[in-house]
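The values are calculated or read from the model by the stated rules, or taken from the named source; none is laboratory data. These numbers were taken from a predicted model, which means no experiment stands behind them. Glycine gets a Cβ as well: all are built from the backbone with ideal geometry, and neighbour counts include every protein chain shown. Heavy atoms of the whole protein, side chains included, go into the accessibility calculation; ligands, DNA and RNA do not. Shrake-Rupley method; radii C 1.70, N 1.55, O 1.52, S 1.80 Å.
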Amino acid sequence: MASIRELHQQLINNERSAVEITQAALDRIQALEPKLHSFLQVTADQALQQAQQVDAKRAAGEDVGLLAGIPIAIKDNICTRGVRTTCASRILENFVPPYEATVTQKLIDAGAVMVGKTNLDEFAMGGSTETSAFQLTANPWDTSRVPGGSSGGSAAAVAAGECPIAIGSDTGGSIRQPASFCGIVGMKPTYGLVSRYGLVAFASSLDQIGPFARSVEDAAILLGAIAGHDPMDSTSLKVEIPDYTQFLIPDLKGKKVGVIQETFGEGLDPDVEKSVRQAIQQLEDLGAEIHDISCPRFRYGIAAYYIIAPSEASANLARYDGVKYGIRTEDAENLMEMYTRTRAQGFGSEVKRRIMIGTYALSAGYYDAYYLQAQKVRTLIKQDFEQAFNQVDVLVSPTAPTPAFKAGDKSADPLSMYLVDLMTIPVNLAGLPGMSIPCGFSETGLPIGLQLIGNVLREDQVFQAAYAYEQATDWHTRSPQLDTGNEPPKQQKKAGKQRG
Amino acid sequence: MLDRDQVRKVAHLARLELSPEEEEKFTTQLSDILEYFQQLSELDVTDVPPTTRAIDVSNVVRTDTLQPYRDRESILDSAPDLDGEFFKVPKIINPE
């Protein structure tokens with residue numbers, strides 16, 4: 001499967017037009033979607049038009065950038081003007097945004113070709129893409145397993161070669177964990193590096209948009225295109241955006257790499273541990289100095305997160321009231337019934353659960369015990385990272401405690417699903433850049449991810465370590481065998497069905 | 001930790017109508033989750049300031065200047081119910 005640079009070269013050499021590249025992606029999507037269900041919507045006509053514009057520009061003798069004519073998938077919680085944006089929720093099933101997110105506007109300006117909107121856990125709440133109100137997405141490596149979540153559609157699409165790159169969002173691991181489960185590169189940048197304008201808000205102090213790709217270089221190119229200050233997002237950082245590809249140096253001499261000891265405890269799958277330990281050995285072979293690092297408050301991350309994120313979500317999701325957009329119940333005598341029934345019919349179980357947790361945690365009498373306590377613990381977790389980065393340049397851990405699990409395995413027990421994000425959540429709480437890269441396979445052939453964490457705005461360190469490791473290994477060159485083998489066990493979900 | 005009455009009260013605050021099955025399920029599930037949160041009390045947070053945002057940016061302000069919206073129609077088109085250029089909702093005042 002071709003990289004961004006290879007596709008760009010084909011375009012520049014006139015071997016293939018942008019329309020041909022786009023059509024090839026659309027053909028593959030059409031062939032694989034009955035198995036994978038990565039996309040909630042394929043925007044074929046619009047994609048071909050965008051591709052024609054790239055070809056027309058080139059025909060007129062204009063230079064085009066690296067992303068021009070490159071097919072890309074967008075998670076369906078990012079507003080695309082005139083293109084339905086559902087957050088995989090009934091409540092937004094008919095919502096057509098009147099404006100464009102900053103991220104997608106930047107991609108349009110760069111000439112990238114959006115091929116469709118991808119499936120996710122409803123409002124990005126989940127770790128398996130199973131809470132989508134519309135469909136289940138399959139893991140391309142084993143279609144009986146989940147792709148991870150919440151950005152499972154974007155991860156599966158890239159892993160299966162439906163498109164070379166995609167955009168996701170990560171609030172507690174929603175880019176890195178599906179990247180790990182699907183055997184690709186996924187990055188959550190420093191909080192504030194990429195504008196959240198047009199990203200449907202889940203937990204505003206944690207949400208961050210980032211790239212999916214099949215190589216570290218492609219992720220670096222894509223991040224460079226979407227990062228940058230935006231006056232429309234008041235948490236957006238005013239920093240110079242470097243060319244991230246300059247940090248792709250296949251050498252780690254003198255780099256200090258810290259191994260987070262607390263991520264190697266109980267509950268870690270033996271295959272994951274083996275692959276991650278081998279990866280650490282590989283980093284040492286590449287010249288890195290390996291240090292054992294302790295982050296004693298790391299394990300409190302999940303509890304703090306599942307107070308903070310639902311609290312913010314309960315406020316953010318108060319806007320879905322059936323008044324100005326989205327669905328409205330047909331069964332209401334008065335305003336209060338319209339609110340409570342619209343929300344009852346529009347939200348799925350996991351979203352309701354989180355709204356309930358958040359409302360409870362913020363309610364009178366409980367605020368100090370839950371929300372304030374969680375914010376203080378957030379400070380302690382940040383301090384652990386600050387101390388760690390006094391000693392090392394990059395931290396490593398497994399991305400997830402296990403490889404991809406079977407569909408249905410964890411959906412009955414919400415707490416067990418929450419524990420899946422053990423390794424990734426603290427990184428969001430501290431606002432740090434984190435990346436998952438492929439570092440091996442389980443005995444049963446499922447991908448395993450290595451998480452690399454950098455200090456605030458030290459994406460450069462993460463890219464260098466990831467690139468050096470990737471160049472020394474060949475995990476990223478493997479692709480799932482999709483055209484033969486597993487038959488799809490997936491079925492479309494029934495409209496309006498409530499799940500528990 | 002949480003009883004059914006509390007679940008009903010929280011659901012009302014959240015403007016969610018729950019079915020009796022949902023009330024029952026959430027009573028159990030939310031209790032389990034709240035119990036899991038108890039571990040946070042193991043940590044001494046005396047004198048620890050709360051973190052409200054991961055990366056601090058100084059207060060961002062701008063002048064609040066009105067600008068005409070270029071595509072008013074598409075906003076009105078999204079509404080579930082309209083009366084001319086107004087959003088229409090069910091009766092608010094109860095006659096009783």
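Within region B:65-94, the residues that satisfy the criterion of being more than 8 Å from every other protein chain (Cβ to nearest Cβ), loosely packed, with under 10 Cβ neighbours inside 10 Å and part of a loop (DSSP other than H, G, I, E, B) are B:Thr65, B:Leu66, B:Gln67, B:Pro68, B:Arg70, B:Gly84, B:Glu85, B:Ile93.
Confirm whether B:Ser31 is over 27 Å from A:Tyr300 (Cα atoms) and more than 7 Å from chain A (Cβ to nearest Cβ). No; evaluated as a whole, the condition is false for this residue. Cβ-Cβ distances below 8 Å connect the following pairs, each with a first residue in region B:1-20 that is facing chain A (nearest Cβ under 8 Å), a second residue that is open to solvent by 80 Å² or more (accessible area, probe 1.4 Å), and a separation of six or more residues or different chains: B:Leu18/B:Arg8. Taking the numbered list (1) assigned to a helix (DSSP H, G or I); (2) under 28 Å from A:Leu206 (Cβ atoms); (3) more than 7 Å from chain B (Cβ to nearest Cβ) in turn, A:Gly326 passes all entries but (1). In region A:84-92 there is no residue matching the filter, namely being touching a residue at least 24 places away in the same chain (Cβ under 8 Å), farther than 30 Å from B:Asp81 by Cα and either among the polar types (S, T, N, Q) or open to solvent by 10 Å² or more (accessible area, probe 1.4 Å) (or both). Take region B:19-64 and flag every residue that is among the polar types (S, T, N, Q) and open to solvent by less than 90 Å² (accessible area, probe 1.4 Å). Across region B:19-64, the qualifying residues are B:Ser19, B:Thr27, B:Thr28, B:Gln29, B:Ser31, B:Gln38, B:Gln39, B:Ser41, B:Thr51, B:Thr52.
Can you find a residue that is open to solvent by less than 10 Å² (accessible area, probe 1.4 Å), of a type in the set (D, E, K, R) and not in a loop (DSSP other than H, G, I, E, B) anywhere in region A:13-21? Checked against the condition, which is being open to solvent by less than 10 Å² (accessible area, probe 1.4 Å), of a type in the set (D, E, K, R) and not in a loop (DSSP other than H, G, I, E, B), region A:13-21 yields no hits at all. Just one of (1) more than 30 Å from A:Cys163 (Cβ to Cβ); (2) more than 14 Å from chain B (Cβ to nearest Cβ) fails for A:Phe202. It is (1). In this entry, A:Gly161 is excluded by the filter for residues that are crowded, with 24+ Cβ neighbours inside 10 Å, out of contact with any Cys (no Cβ under 7 Å at 6 or more places or on another chain) and small (Gly, Ala, Ser). Checking each residue in region B:1-18 for being surrounded by 13 or more Cβ atoms within 10 Å (Cβ to Cβ) and not in a helix (DSSP H, G or I) picks out B:Leu2, B:Ala14, B:Arg15, B:Leu16, B:Glu17, B:Leu18.
Condition test on A:Ile249, is it surrounded by 16 or more Cβ atoms within 10 Å (Cβ to Cβ), of a type in the set (Val, Ile, Thr) and outside any helix (DSSP H, G or I)? It is false that A:Ile249 is surrounded by 16 or more Cβ atoms within 10 Å (Cβ to Cβ), of a type in the set (Val, Ile, Thr) and outside any helix (DSSP H, G or I). A:Tyr367 falls short of the stated requirement of being facing chain B (nearest Cβ under 10 Å) and out of contact with any Pro (no Cβ under 8 Å at 6 or more places or on another chain).
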